[in-house]
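Some notes on the structure that comes next.
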Amino acid sequence: LFLRDQLARKYRIRDHKSFTPRELWRLTNNKPCFGDFTKFIHLYETVRYGGIVPSQEESDSLVRWFEGTSSAVESDSD
(Lines give C-alpha, C1' and ligand atoms only; values in the text may rest on other atoms or scores of the structure.)
Protein backbone atom coordinates (compact mmCIF):
# COMPACT_ATOMS: atom_id res chain seq x y z
CA LEU A 1 0.00 0.00 0.00
CA PHE A 2 2.89 2.34 0.75
CA LEU A 3 4.42 1.84 -2.69
CA ARG A 4 1.01 2.15 -4.33
CA ASP A 5 0.40 5.50 -2.66
CA GLN A 6 3.94 6.71 -3.28
CA LEU A 7 3.75 5.84 -6.98
CA ALA A 8 0.34 7.50 -7.30
CA ARG A 9 1.55 10.73 -5.70
CA LYS A 10 4.75 10.93 -7.70
CA TYR A 11 3.34 9.97 -11.08
CA ARG A 12 -0.15 11.42 -10.60
CA ILE A 13 -1.96 8.13 -11.03
CA ARG A 14 -5.67 8.64 -10.53
CA ASP A 15 -7.89 5.97 -8.96
CA HIS A 16 -4.77 4.10 -7.86
CA LYS A 17 -6.59 2.37 -5.01
CA SER A 18 -8.53 0.28 -7.50
CA PHE A 19 -5.42 -0.92 -9.36
CA THR A 20 -3.79 -4.28 -8.86
CA PRO A 21 -0.04 -4.39 -8.24
CA ARG A 22 0.47 -5.58 -11.82
CA GLU A 23 -1.56 -2.66 -13.23
CA LEU A 24 0.60 -0.21 -11.31
CA TRP A 25 3.69 -2.06 -12.49
CA ARG A 26 2.63 -1.57 -16.12
CA LEU A 27 2.40 2.18 -15.53
CA THR A 28 6.03 2.32 -14.38
CA ASN A 29 7.67 0.67 -17.38
CA ASN A 30 9.48 3.89 -18.32
CA LYS A 31 10.34 5.02 -14.78
CA PRO A 32 13.61 4.64 -12.83
CA CYS A 33 11.92 2.34 -10.30
CA PHE A 34 10.94 -0.24 -12.94
CA GLY A 35 13.78 -2.73 -12.34
CA ASP A 36 13.36 -3.15 -8.61
CA PHE A 37 9.58 -2.82 -8.83
CA THR A 38 9.50 -5.62 -11.42
CA LYS A 39 11.38 -7.96 -9.09
CA PHE A 40 9.30 -6.89 -6.10
CA ILE A 41 5.96 -7.42 -7.87
CA HIS A 42 6.96 -10.85 -9.21
CA LEU A 43 7.93 -12.20 -5.80
CA TYR A 44 5.11 -10.34 -4.02
CA GLU A 45 2.53 -11.99 -6.29
CA THR A 46 4.14 -15.40 -5.78
CA VAL A 47 3.86 -14.99 -2.02
CA ARG A 48 0.53 -13.16 -1.86
CA TYR A 49 -1.47 -15.02 -4.49
CA GLY A 50 0.45 -18.28 -4.54
CA GLY A 51 0.35 -18.74 -0.79
CA ILE A 52 4.06 -19.44 -0.69
CA VAL A 53 5.93 -18.76 2.55
CA PRO A 54 9.06 -16.86 1.54
CA SER A 55 12.47 -18.01 2.66
CA GLN A 56 14.65 -15.62 4.63
CA GLU A 57 16.58 -14.85 1.46
CA GLU A 58 13.35 -14.07 -0.40
CA SER A 59 12.12 -11.89 2.47
CA ASP A 60 15.41 -10.00 2.44
CA SER A 61 15.08 -9.54 -1.32
CA LEU A 62 11.54 -8.19 -0.96
CA VAL A 63 12.77 -5.61 1.54
CA ARG A 64 15.72 -4.66 -0.68
CA TRP A 65 13.51 -4.27 -3.78
CA PHE A 66 10.87 -2.39 -1.80
CA GLU A 67 13.49 0.06 -0.56
CA GLY A 68 15.06 0.34 -4.01
CA THR A 69 11.69 1.08 -5.59
CA SER A 70 10.81 3.65 -2.96
CA SER A 71 14.19 5.34 -3.25
CA ALA A 72 14.00 5.47 -7.06
CA VAL A 73 10.53 7.02 -6.90
CA GLU A 74 11.68 9.63 -4.38
CA SER A 75 14.73 10.61 -6.40
CA ASP A 76 12.99 10.64 -9.80
CA SER A 77 12.91 14.18 -11.12
CA ASP A 78 10.07 13.35 -13.55
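Here are the numbers for this structure:
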{"read-out": "Kyte-Doolittle mean at least -1.0 and Cα axial length at least 24 Å: DSSP H helices in the chain", "value": "56-75"}
{"read-out": "Carbon + sulfur, % of accessible area of the chain - ligands and nucleic acids excluded, 1.4 Å", "value": "51 percent"}
{"read-out": "Over 18 Å [Cα-Cα, the chain], rounded percent", "value": "37 percent"}
{"read-out": "Separation of the ARG64 and PHE2 label points, Cα + 7 Å toward Cβ, nm", "value": "1.8 nm"}
{"read-out": "For the chain: relative contact order, % (alpha-carbon pairs under 8 angstrom, 6 or more apart)", "value": "38 percent"}
{"read-out": "Cβ-Cβ FRET estimate between SER75 and ARG9, R0 fixed at 22 Å, reported to 0.05", "value": "0.95"}
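The values are calculated or read from the model by the stated rules, or taken from the named source; none is laboratory data. The structure presented is a predicted model; accordingly, all values stated were derived computationally and were not measured. Positions of Cβ are generated from backbone atoms using ideal geometry, with glycine treated the same way; all protein chains shown enter the neighbour counts. What goes into the accessible areas is simple: the full protein's heavy atoms, side chains included, and nothing from ligands, DNA or RNA. Shrake-Rupley method; radii C 1.70, N 1.55, O 1.52, S 1.80 Å.
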